[in-house]
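Before any comments, here is the structure.
What follows draws every value from the coordinates through simple rules; no lab data is involved. The structure presented is a predicted model; accordingly, all values stated were derived computationally and were not measured.
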Amino acid sequence: MNQEKTNAPEIKEQSKFLKWLDNYWYHYKWPTIGVAFILFTLIVTLSQCASETPTDMTVTYAGNFLFSEAEQSGLNQVLSDTCTIDLDGNGDSAVGLATFSIFTEEQLTELYTYIDPETGEEKVDKSSMMSAKQYNTERIKTMQTYIMTGDCAVWLVSPYVYETMFEGKVRIVETVPLKDTALYKSYDAVKGLPDDTILMLTYPTLGAYSNSELHATAVAYFNAAIGREEGQGAA
């Protein structure tokens, strides 16, 4: 005699939506994660941009100095303290600091050279070195594009950047060794930069600082940074 099975589990049909979701996730898991990451990055970037303090001008550093967050913040504050220009009329004089880490091949080799603990010999981490060279090339291209925008007229640059990206290519008004400036002598945050750093004033042919009135504010800032008093001559 057959007995009725009272303990048999109840079978429920999975909803069409759950079936679709399961199938979608199986086929498009990684593209979905990639899109979500990009959207998240955009949201964070846009929110940071929206919260940034408006600046009256930008000074750009381009060279082989690697800033810590504290060092970059300290230098940015010093540059703002030097500024007496209130272009946007908000009552504050603020300077933005843009940075481009750009190295010579010799400097990159030095960065990625280590002592082999087994042999005591110097070796180069070739894999990391190759990635660093590729990134360095990309930064150089980005820097070259940025120069052409004319959005900056006051620069802090290494000799390598000066010789390869500015000399003979850009209208240079004046250069001064940073260590000879009032800015360097007055602030410890500036003394952390390499001794061969150059403070430079340019006059772009295109962009914001090709405007003579706006460029005059860059001239005034440059003169204040080097310690040139009003009436002593202008760059």
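Using 0.36 nm per residue, how much length does the chain from Thr145 to Tyr114 gain when fully extended, once their Cα-Cα distance is taken away? Could you put the intermediate results ahead of the total?
On the way: separation 31, 0.36 × 31 = 11.16 nm, distance 3.40 nm.
Answer, rounded to one decimal: 7.8 nm.
Using Cα-Cα distances under 8 Å and only pairs 6 or more residues apart, what relative contact order does region 105-171 have, in percent? Write out the running numbers ahead of the final one.
Values: 25 pairs, mean separation 13.6, N = 67.
Across region 105-171, relative contact order equals 20 percent.
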